[in-house]
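Asks: Quick one: this structure, given as structure tokens, is what I'll be asking you about.
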Amino acid sequence: MLYLWVKAFHIVFIASWFAGLFYLPRIYVNLAQTSDPSVQACLLGMARRLFRFTTILAIIAIALGLWLYIGFGVGMGPGNGWMHAKLFFVLLIIGYHHACSVMLRKFEQGRNTRSHKFYRWFNEVPVLLLVAVVLLVVLKPF
């Protein structure tokens, strides 16, 4: 029964983490488009708070995932190559999260050099990563 609770909360925190990863680059789009200092200050405040909250959600999601993997042995043993692929994509998601942090620091320092179009495309990356992870977990192709 504990396994099902851990799994359920893992899914909830992943969904919450991704909600933040979907919205944060949208704030960056708006930051890249505006030159009004008061609007920039407001958007930077929103981005900082969202990034902090999203980071907490990410840590909890990863901790629950590790609990499932190590504590319950989910995806361990022969015939679970899908888990190795999933973990690779999780590392890419963590890298994306870190890239969001670097971009936020550049906005805070007034050193952003990217256009709003870049951030619109950057915003699509977590969708592709999420699709890959869901397909691996559900289909377990290898």
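Asks: Roughly what % of Cα-Cα distances in the range 86-142 sit above 19 Å, to the whole percent?
Replies: Across the range 86-142, Cα pairs with separations above 19 Å total 41 percent.
Asks: In addition: Which residue, W67, W121, W17, has the most motion in a Gaussian network model of the chain that connects Cα atoms within less than 10 Å?
Replies: W121
Asks: How tilted is helix 2-33 with respect to the longest principal axis of the chain? Cα atoms for both, answer in degrees (0 to 90, nearest 10).
Replies: Rounded to the nearest ten degrees, it is 20.
Asks: A further question follows. Run the numbers on the chain and let me know its relative contact order in percent, using alpha-carbon pairs under 8 Å that are six or more apart.
Replies: 39 percent
Asks: To the nearest 0.05, what FRET efficiency results for S115 and A63 with a Förster distance of 35 Å applied to their C-beta separation?
Replies: Calculated transfer efficiency: 0.45.
Asks: Relative to 2.2 N^0.38 Å, what does the C-alpha radius of gyration of the range 41-128 come to as a ratio? Two decimals please.
Replies: That ratio works out to 1.37.
Asks: Could you give the dipole magnitude of the chain about its Cα centre, charging the beta-carbon of Lys and Arg +1 and that of Asp and Glu -1, in debye to the nearest 20?
Replies: Here the size comes out at about 200 debye.
Just so you know, all these numbers are worked out from the coordinates, no wet-lab data involved. Because the structure is predicted, anything quoted here is derived from the model rather than measured. We place every Cβ from the backbone using ideal geometry, glycine too, and count neighbours over all the protein chains shown.
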